[in-house]
Structures are given as structure tokens and as C-alpha cells.
Amino acid sequence: MYRDQGGFEITTDSAAAAAALSAAITAFNGWKLAAMPQLDGALAADPGCAMAHAVRGLLLHLGRDARLAPQIGVNLAAAKAAPGPLTEREDLYVRALGDSLAGRLTGAITAYETILAAHPTDLLAQRLIQAELFWLGEMGWSADVSQRIAPAWNRDVPGWGLHRSCRAFDLEEIGQFDAAETMARQAVELDPTDAWGTHAVAHVMIMQGRFSEGVAWLEGLKDHWHETNQIALHLWWHRCLFHLEQGQNDAVLEIYDGWVRNRALPLVQETPDLYIDMQNGASMLLRLELLGITVGGRWEELAALAGERLDDTTSPFTAAHLAAILAAAGRFDDAQTLVANLAHFAKTESESATLAPRTAAAALPAARAAIAHRRGDFNEVIAQLLPARRLLRQIGGSHAQRDLFILLLADAARHAERADVVALTLADAREVGFSDPQTRVCQR
């Protein structure tokens, strides 16, 4: 019998496979690049290791890319065909993979909750459930999960710091900023390479308007990210936000070109259209333009990639950003094709389509508003976003990310001379925890 880094059984006869799988899970939990190579090593040592196939498929699923579905299907089939019997925990991971591939995301979440009920220190399940709930806009649910399992954790449990980072981000998103920052700072003190703890503190600081502190925080930790996956580029995006809020636009563009969308970086070369990177790029360029900053031809690089994703419905939040990209590049026909595909998907009545109602409620209004804003049709922006604004959390993402669409609404309201709508956007910004919405929304 072999066990992974958390002490959980692995069904395999290969010590090498077990060691590689354990290393892969550790890497994934810590946002490290080594996760997928280690998984490939585990499967090379034991091609029939069901848990390795399940984890590999689940990591591919987190790529939010419809083109990965065939690969995920191969891993699912192999996991189901693996010689057994599997442990109950392993079987639940295989079940979660099947639900994820079928679009039954709440089914996968239920599998993770079941795992955590029996194994509250299973950091892999905590990481996966937070990832799913985050992109469904259900961070209150994620906070409930991490609170439930917290009593089982202490400093002697492997992965304690990373558990605290996950918990801290949950707390930040439900407005418990002081507790979130304390917890995340403790995790980063324990391990300065903890990118998720670093990220949680950055979120607290943007919500509280601590912009110069945010720059200093990220500057002091950036040398610890060399083994980190694309979350490192997202941290650079956060640094752009801090500079942007201080009017340091040259610094924003320098970081954008050097990190956020630097096509020469290995991270970007490997997957130039990774969903989070596309979101980062679109969001930052649009924010700059809302401040009257010219971004030159930077939209074209993103648009060439977005044009290949017109039928991808795996991420409502990403789809809205792709619409913004295509419209910004003047590719309105492609943008409308994307919207038509989203609208078709939103009508899906299958029980497996967890994202369909969320696409209808949030992604479609956001995408249509982004296109209308680019056309200068500010009344249409208001018509789309004003009734949908309190539903936008269903698009997924964080308060700091979804804020982009509130800024679009506020900008449209100013152009349309709708003081009533501006007042509502201010109230909404205060409600989610922004400390100085007047400056952010009205003095831009």
C-alpha cells in the first residue's frame, strides 16, 4: 500500500507512480509548475493508476478550455477502466471528473464535499472545490466549506499553510478582511513561495485602497515566484491594479508588456490563450482605456487568440472578456457570433449544464454590454448591466475582477448623464467592500 503526501491511500503497485503522484498533488496545491510533469511521470510508471488519471483530468478541466475535453475524456475512461478496487476517496475523485466533463459542476462539488466530510485535511479536495466555487461566484459556499474543515487542521498537518491561504481567500471574498489578511500573512511567513496567500493579501489591499502597500507587498515577494504557474502573471496583474489606482500609467504598461502579456515568457508561450491570462489582458487594457490611456495595438494580440474561442462556453467570465477583446479590435462580427453561441448555450435545459443559467443571468449581459460600450451605445450598456448587476457574481471571479463591469456601467451612466445609475454603482461598490468607491467610480 502506498500513500500520498497527505497520508491518503493510492491504489497502485508502483512505488515510483505513488511518489510522482504525491509530488504532483503537492505541486498543484502549491500553484507550482511541476504538477503536470509529475503526473505524466506517475502515469509512465503505472499507466493504470486511476487516481493519477483522475487528477490529471481534473487539472485539465481547470484549464476552462473546450478543446481539452477529448484529453479529459481519455483520462476519465482510463480511470474507470483501471484495475480496482479503488478506495472510496479515489472513486469520488473519478466521479468528480465525470461530472466535470459532463458539465455537472455542482455534482463535482458534491463529490469534493463528500471527500472533505470524511477527510477534512484533504487539501486537494479543498483546492478543487474552491476553484469550482470561485468560477461559479459562490465564495460564501466556499467559506462555509473551509470553516467546516478548519478544526481538523493544525501546524502539524502537512499543507497547513496552504489550507490557511485557501481559507484566507474565502474570508476576503466574504468581506472579513482583517481575518483574511492575518491568516494569509501567516501562511506567507511560513512559506514565501505561497502565491495564493500572497494573492489573498493583495485582494485585501485593493479592496481597502492600500495601493502603495500593495506595490510594496508584491515587490517584496516577486523573487519567490520562479517555480509558480500562471498565478504569478495574475499577481503581476494585481500589481498593475495598484499602479493604475495611483495614476502610474507608465508602470502599468511596462508591467503589462513585461509580464502580464509578454509572449516571450515561457509561461505565456506554453498556453498563450489560457483563460486567466486572457482575462488579465482584457481587463487591464479596458481599465486603461476607461481612464483615457491609449493602449496602441495591444488588443490585436489578444483578438487573434479570442477569435479561436468563439464557441467556448466553459467559462462565463472568460467569455465576457473575449467579447470585450473582439469588440475592442473592431471584430464585431466575431463578437456577435460569440454572443450568439452563448445565447444558444444559455438555453440548454440539460440537468448537466450548470453554467447555462449563469451564462444567461450574467455572462450574456456582460458580453453585450462590453460590445455596446465599444460602439458608444451607452444606453444599451445600462439596459444590459443595470438589471443584471446584482447577478454578476454568477459570472464567477472575484469582486476585484467583476468590478470591471461595474466600471463600464458607471462610465456609460456618466456619458448618458444618468446620475441615478452612478449612485447605484457607488452603493454596489460599497456593498461588496470597496473602501473608497467615490474615487474609483466617479473620479476616473
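Quick note: the coordinates plus some simple rules give every number you see, no bench work behind them. Everything numeric here is computed off the predicted structure, so don't read it as measured data. So basically every Cβ, Gly included, is an ideal-geometry build from the backbone, and we count neighbours across all protein chains shown.
For each of Phe434, Phe242, Phe332, count neighbouring Cβ atoms within 10 Å of the residue's Cβ, then give the residues from fewest to most.
Neighbour counts put them in this order, fewest first: Phe332, Phe434, Phe242.
Run down the lysines and flag those whose C-alpha is under 28 Å from the C-alpha of Lys80, throwing out any fewer than 8 positions away in its chain.
Reachable lysines: Lys32.
Among residues other than Glu138 whose Cβ falls under 13 Å from its Cβ, what is the net charge (Lys/Arg +1, Asp/Glu -1)?
That works out to -3.
With a ≥ b ≥ c taken as the square roots of the eigenvalues of the C-alpha gyration tensor of segment 1-137, please select rounded if a/c is under 1.5 and otherwise prolate if a/b is larger than b/c or oblate if it is not?
Rounded shape, in that the Cα axes give a/c under 1.5.
Tally Lys/Arg at +1 and Asp/Glu at -1 over every other residue whose Cβ is under 14 Å from the Cβ of Cys166; what's the total?
After counting each charged neighbour, the total is -4.
May I ask you to work out the translational diffusion coefficient for segment 294-444 at 10 °C, viscosity 1.306 mPa s, via Stokes-Einstein with Rh from the Kirkwood sum over Cα pairs, reported in whole µm²/s?
My calculation gives 102 µm²/s for D.
Rounded to the nearest 500, what is the 222 nm mean residue ellipticity of the chain from helices alone, with -39500 (n - 2.57) per DSSP H run of 4+ residues and division by all residues?
That calculation yields -20000 deg cm²/dmol at 222 nm.
For the pair Arg263/Glu349, report the inter-label distance in nm, with labels modelled 7 Å from Cα in the Cβ direction.
In this crude spin-label approximation the distance works out to 4.5 nm.
Quick check: pseudo-label points 7 Å beyond the Cα along Cα→Cβ at Leu290 and Ala34, how many nm apart are they?
Distance between label points: 4.0 nm.
Computed from these coordinates, which is percent of Cα pairs over 37 Å apart: (1) 22; (2) 53; (3) 28?
Answer by label: (1).
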